[in-house]
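Worksheet: the structure to be examined is printed underneath.
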Amino acid sequence: QWFGRFVTTPRHELDVAPAEPPYQQDEILDALLGGESLTRLSGLRVLNVDGEFFVNSEAMEAPVPAAADALCRYTTLGQTELGDALENPEFVNVLTELVNQGYWYFDD
C-alpha cells in the first residue's frame, strides 16, 4: 500500500479538469464501443502492483486486473486495449469515476 501510494503521488500540480457534466456509465461504454479512445491526463501516475491499482496516490478498485493493467500501460486506450472488461459493470463504474475525476478524457 505504502509503495503504491508513494510512487503515484504527483510531483507537480496536475491540470485536472473534472468532466462537466459528469458522464454516465452508458455514455462511456457507448463511446468506447463506438471507436472513441480515452487519453490519460499528462503527468498522472498510475501503478498496478500485484493486482492493486493506484491512481494519483489513491488505491482504486480493480475488478478486472487485465483492464487495470491496460490503464497503467497505455496513455491512449479504447475498446481494443480494454477488451472484455467493457462487459463488466464494476469495471465500467470505476472507469466512469476516473473519467469524471478528469484523470482520463475523450479527445474532442
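The values are calculated or read from the model by the stated rules, or taken from the named source; none is laboratory data. Bear in mind the structure is a predicted one, so any value in this text is a computation, not a measurement. Virtual Cβ from ideal backbone geometry, glycine too; neighbours counted across all protein chains shown. Protein only, heavy atoms only, side chains kept; ligands, DNA and RNA dropped before computing areas. Shrake-Rupley method; radii C 1.70, N 1.55, O 1.52, S 1.80 Å.
Which residue, D50, D84, D26, has the most motion in a Gaussian network model of the chain that connects Cα atoms within less than 10 Å? Residue with maximal mean-square fluctuation among D50, D84, D26: D50.
Compute the orientation-averaged projected area for segment 28-108 from the convex hull of its Cα atoms and round it to one decimal in nm².
Numbers: hull surface 18.9 nm².
Taking the Cα atoms of segment 28-108, their convex hull projects to 4.7 nm² on average.
A 1.4 Å probe, protein heavy atoms only, puts the accessible area of S42 near 100 Å².
Using a Gaussian network model of the chain in which every pair of alpha carbons under 10 angstrom is joined by a spring, one finds that among L47, L14, L77 the greatest mean-square fluctuation is at L14.
Here the 3J(HN,Hα) profile of segment 51-66, calculated from phi with Karplus coefficients 6.51, -1.76 and 1.60 at θ = phi - 60°, is x, 9, 10, 10, 9, 6, 6, 10, 6, 10, 5, 10, x, 10, x, 5 Hz, Gly and Pro shown as x.
Using only the alpha-carbon atoms, how far is helix 89-101 inclined from the longest principal axis of the chain? Give it as 0 to 90 degrees, nearest 10. Taking the Cα atoms of the chain, the angle to 89-101 is about 70 degrees. Expressed as a whole percent, the accessible area of segment 61-108 that falls on carbon and sulfur atoms is 42 (1.4 Å probe). Please list, by residue number, every one of the GluC sites (Glu not before Pro) in segment 44-108 that is coil in DSSP and has at most 15 other beta-carbon atoms within 10 Å. Hits after loop and neighbour filter: E61.
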